[in-house]
Amino acid sequence: SVVVLENKTGRILAMTGGFSYPLSQLNRVTQAVRQPGSAIKPLSYLAALGKGLQPNTLITDGPITLPPLGSGRNRERDSWTPKNYDGGSKGTLTLRRALENSRNLATVHLLDGGIDKKPEASLDRVCGLAVEARIYRECERYYPFVLGAQPVRPVDLAAFYAAIATEGLRPAPQFVESIATNGSVFY
């Protein structure tokens, strides 16, 4: 699927949600969800900037293990130890470089003190921001969320990026610009 929208107005400039309407009427832009992967990472960085971190703030891109979520009888194996795509780490990076290079470990390190003191509170803030930005109606509360594990509709992700481009003003995606009959526009 592909969706291209005008940042300021939300007007859909181009959209394809499939390749054959007779074979499938499912519009993958508006009706299907898929994991956004690294495309969701800017959300965590926005949360960090909102807490006062700057683009030149240094962050670790090294191994990290987060404790299990919630209370109760958690086991050590319930902890989460993510990895970078390339399997390595880059040491210490600026926030800007970590986002530019899409570093998983640096993004996860934001949860451990970068956004809030505790990882659970940081995750709550990122989830709250995702709902506030209308990327999701509700957020699945689990750590891999910050690396793009929760599926999203492509049109909602595009609107989120439009809001970034317009410094926070999220446009409502518009599919219909006007409706006319016999040369007369009635919508």
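The values are calculated or read from the model by the stated rules, or taken from the named source; none is laboratory data. These numbers were taken from a predicted model, which means no experiment stands behind them. Virtual Cβ from ideal backbone geometry, glycine too; neighbours counted across all protein chains shown. Side chains are part of the model used for accessible areas, which takes the heavy atoms of the whole protein and leaves out ligands, DNA and RNA. Shrake-Rupley method; radii C 1.70, N 1.55, O 1.52, S 1.80 Å.
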Within the range 97-112, take every residue that is outside any helix (DSSP H, G or I) and under 15 Å from the mean Cα position of the chain (by Cα) and give me the one that is nearest to ILE59 (Cα to Cα).
ARG103
The residue from ARG141, ARG134 that alone is in contact with a Cys (Cβ under 7 Å, 6 or more places away or on another chain) and in a loop (DSSP other than H, G, I, E, B) is ARG141
Go through (1) closer than 25 Å to ILE164 by Cβ; (2) modelled with pLDDT under 95; (3) of a type outside the set (Asp, Glu) for GLY72 and report which single condition fails.
(1)
Would you mention how many residues in the range 33-71 are among the charged types (D, E, K, R) and within 12 Å of the chain's Cα centre (by Cα)?
2
Residue check for ILE115: within 19 Å of LEU49 (Cβ to Cβ) and buried (at least 21 other Cβ atoms within 10 Å of the Cβ)
yes
Against the condition acidic (Asp, Glu), open to solvent by 60 Å² or more (accessible area, probe 1.4 Å) and touching a helix residue (DSSP H, G or I) at 6+ places or on another chain (Cβ under 9 Å), how does GLU140 come out, does it pass?
yes
Quick one: would you say VAL126 is part of a helix (DSSP H, G or I) and either of a type in the set (A, V, I, L, M) or within 11 Å of the chain's Cα centre (by Cα) (or both)?
yes
For GLY128, are the conditions met, namely being within 22 Å of LEU49 (Cα to Cα), of a type in the set (Gly, Ala, Ser), exposed (fewer than 15 other Cβ atoms within 10 Å of the Cβ) and free of Cβ contacts under 8 Å to residues at least 40 places away in the same chain?
yes
Is it true that some residue in the range 113-123 is in a loop (DSSP other than H, G, I, E, B) and within 25 Å of LEU13 (Cα to Cα)?
no
Being surrounded by 17 or more Cβ atoms within 10 Å (Cβ to Cβ), in contact (Cβ under 8 Å) with a residue 60 or more places away in the chain, among the aliphatic types (A, V, I, L, M) and assigned to a helix (DSSP H, G or I), is that true of even one residue in the range 164-181?
no
